[in-house]
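Remarks on the structure that follows.
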Amino acid sequence: MGVSDLLEAINAYLRRMLRLVAVLVDLHRDIALREAQREQRRLTAGFSVLAVGMAFFITGLALLQVAAIFVLHNLGLSWLGAISIVATADIFLGFLLIFAGSNRLRGPYMIETRTRIVRTGNTLFRDDPGNRMRD
């Protein structure tokens with residue numbers, strides 16, 4: 001086996017390794033793109049539904065506030081007392097809804113992509129005693 005044969009074998013091995021790396025990068029890119037599109041659809045749908053729900057909720061809440069203020073005033077409270085009670089209830093309800101909405105939008109993203117990249121990295125960089133080169 002000559003030097004040129006050895007260099008050709010090394011060259012072929014390096015080309016194979018580069019193709020393997022290219023395939024792995026393409027695979028991870030495709031998975032990441034699919035997952036990003038899925039996350040984008042989820043977030044768009046979530047924000048759209050949240051916006052429509054908030055519009056209906058605000059309209060209904062405004063009408064209920066007016067009705068509640070009139071009812072509390074007719075029960076004998078002053079206008080200021082009736083408005084204060086309704087405003088306190090609104091603040092409490094608003095806090096609960098903001099908390100629920102923020103919990104819905106929280107969470108890990110692109111789980112599959114991160115898991116596959118870690119698994120591939122572990123496989124490529126695993127220190128396997130059976131495959132070590134002898135000194």
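The values are calculated or read from the model by the stated rules, or taken from the named source; none is laboratory data. All values reported here derive from a predicted model rather than from experimental measurement. Every residue, glycine as well, gets a Cβ built from its backbone with ideal geometry; the counts of neighbours run over all protein chains shown. Ligands, DNA and RNA are stripped out before the accessible areas are found, and what is left, the full protein with its side chains, is counted by its heavy atoms. Shrake-Rupley method; radii C 1.70, N 1.55, O 1.52, S 1.80 Å.
With charges only on Cβ, +1 for K and R and -1 for D and E, what is the dipole size of the range 1-87 about its Cα centre, in debye, rounded to 20?
Here the size comes out at about 120 debye.
Report Thr123's accessible area, 1.4 Å probe, all protein chains in place, as a number in Å² to the nearest 10.
The value for Thr123 is about 80 Å².
What would the Debye equation give as log₁₀ I(q)/I(0) for the range 1-81 at q = 0.16, 0.23, 0.24 Å⁻¹, counting only Cα atoms as equal point scatterers?
Summing over Cα pairs of the range 1-81 leads to -0.82, -1.01, -1.04.
List, largest first, the extents of the alpha carbons of the chain along their principal axes, each in whole Å.
106, 28, 16
Just name one of Asn11, Asn74, Ser84: the one whose Cα is farthest towards the positive end of the charge dipole of the chain (beta-carbon charges, Lys/Arg +1, Asp/Glu -1).
Among Asn11, Asn74, Ser84, the one farthest towards the positive end of the dipole of the chain is Asn11.
Please state, to two decimals, what the Cα-based radius of gyration of the range 39-107 comes to when divided by 2.2 N^0.38 Å (N = residues).
1.46
Taking the Cα atoms only, what angle lies between the long axis of helix 3-74 and the longest principal axis of the chain, rounded to 10 degrees?
The two axes meet at around 0 degrees.
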